[in-house]
1. Which one is farthest from A:Pro104 (Cα to Cα), of the residues in region B:1-59 that are touching a residue at least 40 places away in the same chain (Cβ under 8 Å) and among the acidic types (Asp, Glu)?
2. Of all residues in region B:15-35, which are assigned to a loop (DSSP other than H, G, I, E, B), exposed (fewer than 13 other Cβ atoms within 10 Å of the Cβ) and of a type outside the set (Gly, Ala, Ser)?
3. Among the listed residues B:Gly40, B:Gly53, identify the single one that is surrounded by fewer than 18 Cβ atoms within 10 Å (Cβ to Cβ), modelled with pLDDT under 95 and out of contact with any Asp or Glu (no Cβ under 8 Å at 6 or more places or on another chain).
4. What are the residues in region B:19-33 that are within 21 Å of B:Phe60 (Cα to Cα) and more than 10 Å from chain A (Cβ to nearest Cβ), if any?
5. Just give me the residues in region A:70-80 being modelled with pLDDT of 95 or more and polar (S, T, N, Q), in sequence order.
6. Look through A:Phe45, A:Phe49, A:Phe61 and report the one residue that is closer than 17 Å to A:Val19 by Cα and either buried (at least 17 other Cβ atoms within 10 Å of the Cβ) or within 14 Å of chain B (Cβ to nearest Cβ) (or both).
7. Within region A:64-71, does at least one residue satisfy the condition of being of a type outside the set (S, T, N, Q) and facing chain B (nearest Cβ under 10 Å)?
8. Just give me the residues in region A:1-58 being assigned to a strand (DSSP E or B), of a type outside the set (Val, Ile, Thr) and more than 23 Å from B:Gly40 (Cβ to Cβ), in sequence order.
Amino acid sequence: EPEVTQTPSHQVTQMGQEVILRCVPISNHLYFYWYRQILGQKVEFLVSFYNNEISEKSEIFDDQFSVERPDGSNFTLKIRSTKLEDSAMYFCASSEVGQGAWQPQHFGDGTRLSIL
Amino acid sequence: GQNIDQPTEMTATEGAIVQINCTYQTSGFNGLFWYQQHAGEAPTFLSYNVLDGLEEKGRFSSFLSRSKGYSYLLLKELQMKDSASYLCAVRGERGSTLGRLYFGRGTQLTVWP
């Protein structure tokens, strides 16, 4: 079964450094998302992306965050200057274009980001 | 704001039936999703409701009442592998498939032999 893949599975970075989290969405999907889950807390929406532009972003997704689809398969999340509070599991998700609102979002296994 | 509530923990025995409730108060509604999440793994899609009523999918069923802001996930013939966190998520106010999901904190289900 097709799946969303994310790399790396675990990233350890010094505070203030830039990180890029990578995702390969399911091949026929055209909607892409990033969510994060701080340990012990709920999954939180960061950003959605369609047709090479951001569709919606949350209050968490401030100027230090950016997303990009550099080629036909990858979807990246960049955090420019990491903070301790950015430590979390970051999930990429994708969904199909379809009729109505019922298309589910399929999640990758996540990247655990640890900021030291 | 968006508020999605579900119990923190539940326990049940193998072979039993368990019902996990979810109540929500959101500024818009375009569907309710249930996901299963094993520790350290991705949320896996289980079911979806957009209209009132029951949706059945094998051992899993999900119910929705939009007027009450209420849903439940019913798991039948429980197996040990069903031990996981079950996440209730509401698609927000954007009227498209691109709508963001608002998640509850998840219900940690433990199935005992």
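1. Applying the filter and picking the extreme gives B:Glu14.
2. If the condition is that a residue be assigned to a loop (DSSP other than H, G, I, E, B), exposed (fewer than 13 other Cβ atoms within 10 Å of the Cβ) and of a type outside the set (Gly, Ala, Ser), then B:Ile17 is the only one that fits.
3. B:Gly40
4. Matches in region B:19-33: B:Gln19, B:Ile20, B:Asn21, B:Cys22, B:Thr23, B:Tyr24, B:Leu32.
5. Once the filter is applied, which keeps residues that are modelled with pLDDT of 95 or more and polar (S, T, N, Q), region A:70-80 yields only A:Thr76.
6. A:Phe61
7. No.
8. A:Tyr31, A:Ser48, A:Phe49, A:Tyr50, A:Glu53, A:Ser55, A:Glu56, A:Lys57
The values are calculated or read from the model by the stated rules, or taken from the named source; none is laboratory data. Note that the structure is predicted; figures quoted are calculated from it, not measured. Don't worry about glycine lacking a Cβ; one is built from the backbone with ideal geometry, like all the others, and counts go over all protein chains shown.
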